[in-house]
Structure formats: structure tokens, C-alpha cells
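A short reminder: the numbers here are calculations on the coordinates, not readings from a lab. Being a predicted model, the structure only gives us computed values, none of them experimental. Counting neighbours? That spans all protein chains shown, and the Cβs are built from the backbone with ideal geometry, glycine included.
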Amino acid sequence: MEGAAAVMLETRIDEWIEAHREQLLADIGRLVAIPSVAEESAEPKVYGEACAEALETMLALGEQYGFRTFNADYRCGVIEAGQGTGKSVGIWGHVDVVPAGEHWIYPPFESTRKGDFLIGRGVQDNKGPTVAVLYALRCIKELQIPLLYTVKQIVGCSEEAGMQDALYFVEHHEVPDFNIVADSGFPVCYGEKGIIEAELASAAWKSESSAVVDFRAGSASNIVPGDAEITLRWNEMLAGKLSQLPESIVTERTTVNGMEVVKLAATGISGHAAFPSGSVNAIAVLLDAVIAAGLLDGTDESLFRFILSICATNDGSALGITCADELSGELTCVGAVGRLEAGEVRLAINIRYPITADAQNLLASLRQSAEAGAFKLASVHINEANRGNKEAIEVRLLNDTFNRVMGTQEEPFVMGGGTYARKIPNAVAFGPGLPSAIGVLGMPAGHGQIHGPDEAQSIPNLLTALKIYVMSLIALNEAMQPN
């Protein structure tokens, strides 16, 4: 379609989107109100009641707008559009979210509207985009724009907790010929760094002889922790050193199980573990102050100093795994969750490694460094790096459409985030993330970001993304014609 007809169609799309703006935002609010953090549960609602409710709500919206729907055993749901008899395109999203965490100014499970932004857990990642994709399908349907293929919106329930939902779908159901994951930035993300999630456990530590009674930090492996707390046995020598702590460390003298203790708490700036720049790891803030004040000694000091060295930077240097490549940039490593368990000090770490790096070599270095610090690897889970074909016709069509709508000349890219694209065949990530001036909300540093408190979504950006999805699905007619 060219010339005047193309201009007229784009105008109709713009008008449709504007006319449905408020309904779109209301539907997002319905999903955000459900605290759908994935958890292990019994059949059939294997990721818990809240995730099941979110999936049912999403499928009900699909049916309300005239689409065929299918519940894939509460792992995923499918909303199917188009009458094409040839190839198929999948557009993937998810309705599970990371835990809310602390320090929210606005209610985490409400969609609060402030100016041109929505605020609430999931408005960015990934409920807002998932509803926007549904509206892209709805726009095409209601404007009667012909597609030469079938579109399947596939909605998962455990993306933030390991992506077993996508693996289940790939194993048990027909996967579309080409797949778009609406859970990244624009334009086309054709590759993703590898991910290593590991937990370090102290090899030599006895809780009964330690000054440390408890240690708690973070809530999930893919979040830079915004809070950390360590509890120490009370004694007069300790009391004399507390005055050396900075004012940012909150202290509370109390009794736990008949024992006098002092709780020390620190606050950082949370964020997504894949993009730790700008975040402040609360574990590092806490342990730096505690060790500098001389509150730990002996084995306690040695073990927690090693944890501090890991959490003080995001480059993996303390573990001997620093590396980079031209395509995907530097390795990142975040100390994400700290705890005491079964007489061991434990630290969960989240590593995003370049697509050309070898995971097994990194693991060998990680194990050696851990042992040098008197730790062992208690668990390891590797998600191999994903690299697609930058020159594929589908990638070119998506990228060209983005550039035409935005008036840019961007190229496909590789990122540190992990999406369903690494779990399903012939897949790329594509939007809806666009830069936004979040500073106008006047919130503290770290607020407003994905996986952080007061997660925020620019409404104009989401509407632009909706248009890009509509125009891209039309453009894909060129590649998806029946054989």
C-alpha cells in the first residue's frame, strides 16, 4: 500500500487509537489490580490463584473483543486473530509480575494515573504492553484491515520465575512460524545475553558461635536489592561501635527468642538486574558500613567482606568473570538475595554474560573464586545466550516499520534482559520500551523503573507502541503470505 491510501489508513489507525485510549487504560488497570506474582501451586492453577485470575481476565478481554481464546493449562493463554490460512505470527507477553517490594509511594496493585503516566506493578512489565498488543489486534479487526496470516497473542504466567510456561507451551502446543516478544525496547532485539543464576553458600560458618543472628536482603534474583538487614547479638563492646555507623543505617535494639540483639537496616535503589546502572545495592550499603565500623570479626568479617566485594560493583570482578564483547557489551553481575539458612550464609547472584562468552568457562572461574572466598556453589541455573538472524526479512520489516513511524534510523540490537525469545523458536523481542521523561513525576531516584518501586509507564509511549505494532503486523503480510 502506497501514497494516499497508506496515509489514509495511518490516519484511521491514529483516530482509532485515540478513540480507545481510555478503554485501553481501564483494561490495564483491571490486570494491575491482580497481585499476580508466580508461585508454585497444585494443578490446575500451577502458578497460583493470582496468576490464574490474571490469565482468565486477559482471556475474557480477548473474548469480549471478538477473538478466539484458549487456556493452555494455566501456563499460557492464546488469543487468536485473523483468517489467514497460511503462516502464523505469535506475539508473546506475560501477566505475572515481580514482587512489589518496599518503598512505594503509590499503591503497587492499583493503576494510578498521574499526568501522562500510569504507576503500578506491571504497567511496564508486562501487563500494559500485553493489553496494548490485544488492542493492536482489535484495531486491525475493527478497521477490517486484511492480514494474510493468523496472529496468536500468547500470554504467559511465569516469565519472571524461570519461563517454564513458555517451555511447556513449546513442548505441548503448536508454535507460530515467527514470534515477536513484546517485552523489551524498540526497535528489534535480535539477541540476548546469557543468564547465570547461582547461589553461593558459606563453606565454613557456625551460627551458634557467630555474632550474626540473621541476614536478609532482596526479594528476587532479577532485582537489585533495595533493602538489606543484618541482626547482631547485643553486647557492650558492640554498643560502643554503633556510633560509628552513618546516619543512613537504621538501628533497632530488640529481643528475638529471648536474646538481646540489634537490627541494622540499609536502603539502596532497586532496579532490574539486567540493567543495574543507576541502582544502588542495599547489601553493599549495609555491609560497607557494618564492616567499616568494626562490628564483625573473625569468620563473620571474612565471609561478609567477600559478599560486600561482590555487591559493591556490577562487573563480576570480585568473582573473576569480567568480560565484554562488541555485540552485547559488558558482563553484569548483581548480588541479589542474601539470607541465612541451615547454618549457612547465602547470596543469590544474577549474571548477564555477553553472547560470545562461554558459560562453562565463566562457571569454572565463578566456582574457583567462590572457593577462594570460603563459599561453595549451592545451585546454578544457566540460560544460554540467544542470537537470531539480524538480516531475516521479518526482522527487516519490523525494524523498517519502527523507523518509518518514529522517523529514525535505528538498527537491531542485543540486550542484557531475558525474554521469552530465548525459549521459543524463530523469535525476536520488539518493543514496547521507548525513552520517557520520568523525572517529571518528581519521585526519588530508583522509583518508576521496571522491577523497582512505583513502576511507571508513559501513556503517550504506550499509544505509540500500539501504533507500531499495528503497522508492523500489516507490514508482515509481505513475509507471511501463504506458501
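Figures for the structure shown
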read-out: Packing-based order for 429-438, 347-356, using average beta carbon neighbours within 10 Å, highest first; value: 347-356, 429-438
read-out: Dipole magnitude of the chain about its Cα centre (Cβ charges: Lys, Arg +1; Asp, Glu -1), debye to nearest 20; value: 200
read-out: Proximal lysines relative to residue 390, as straight alpha-carbon distance under 19 Å, when same-chain residues fewer than 8 apart are discounted; value: 193, 423
read-out: Inter-label distance for residue 141 and residue 14, nm, one decimal - labels placed 7 Å from Cα along Cα-to-Cβ; value: 2.6
read-out: Inter-label distance, nm, simple model (7 Å from Cα along the C-beta direction), residue 364/residue 167; value: 2.5
read-out: Length released on extending from residue 277 to residue 49, taking residue separation times 0.36 nm less the Cα-Cα span; value: 78.6 nm
read-out: 3J(HN,Hα) from dihedral phi, the stretch 232-249, Karplus parametrisation 6.51/-1.76/1.60, rounded to Hz, x for glycine, proline; value: 10, 5, 7, 7, 5, 5, 4, 4, x, 9, 4, 5, 7, 6, x, 5, 5, 8
read-out: By average C-beta atoms within 10 angstrom, highest first, the peptides 298-310, 164-176; value: 298-310, 164-176
read-out: Extended-chain gain in nm, criterion 0.36 nm per residue less alpha-carbon gap, residue 384 and residue 396; value: 1.8 nm
read-out: For residue 272, residues with placed amide H under 5 Å, excluding near neighbours; value: 224
read-out: On Cα atoms only, tilt of 393-406 relative to the major axis of the chain in degrees; value: 90
read-out: Largest-first principal axis extents, alpha carbons of the stretch 195-383, Å; value: 54, 32, 24
read-out: Dimensionless Rg/Rh of the stretch 6-57 - Kirkwood Rh, Rg from C-alpha atoms; value: 1.30
read-out: Isolated Cys in the chain, by beta carbon distance under 4.7 Å; value: 76, 139, 189, 311, 323, 333
read-out: Principal-axis tilt of helix 359-372 within the chain, Cα atoms, nearest 10 degrees; value: 20
read-out: Approximate spin-label separation residue 438-residue 236, in nm, with each point projected 7 Å along Cα-to-Cβ; value: 5.0
read-out: Candidate lysines - alpha carbon under 22 Å from residue 241, same-chain residues fewer than 8 apart omitted; value: 263
read-out: Kirkwood Rh in Å, taken over the chain so that all alpha-carbon pairs contribute; value: 23.7
read-out: Between helix 298-311 and the chain: long-axis angle, C-alpha atoms, 0 to 90°, nearest 10; value: 20
read-out: The chain, relative contact order [Cα under 8 Å, separation at least 6], %; value: 22
read-out: For the chain, share of DSSP beta bridges that run antiparallel, in % to the nearest 5; value: 80
read-out: Net dipole in debye of the stretch 195-383 [+1 Lys, Arg Cβ; -1 Asp, Glu Cβ; about Cα centre; nearest 20]; value: 220
read-out: Ordering of 234-240, 211-217, 402-408, 381-387 by packing [mean C-beta count within 10 Å, highest first]; value: 211-217, 381-387, 402-408, 234-240
read-out: Cross-link reach list, lysines versus residue 141, counting only Cα pairs under 23 Å and skipping chain neighbours closer than eight places; value: 87, 127, 152, 467
read-out: Lys/Arg +1, Asp/Glu -1 at C-beta; the chain dipole; positive extreme among 393, 433, 194; value: 393
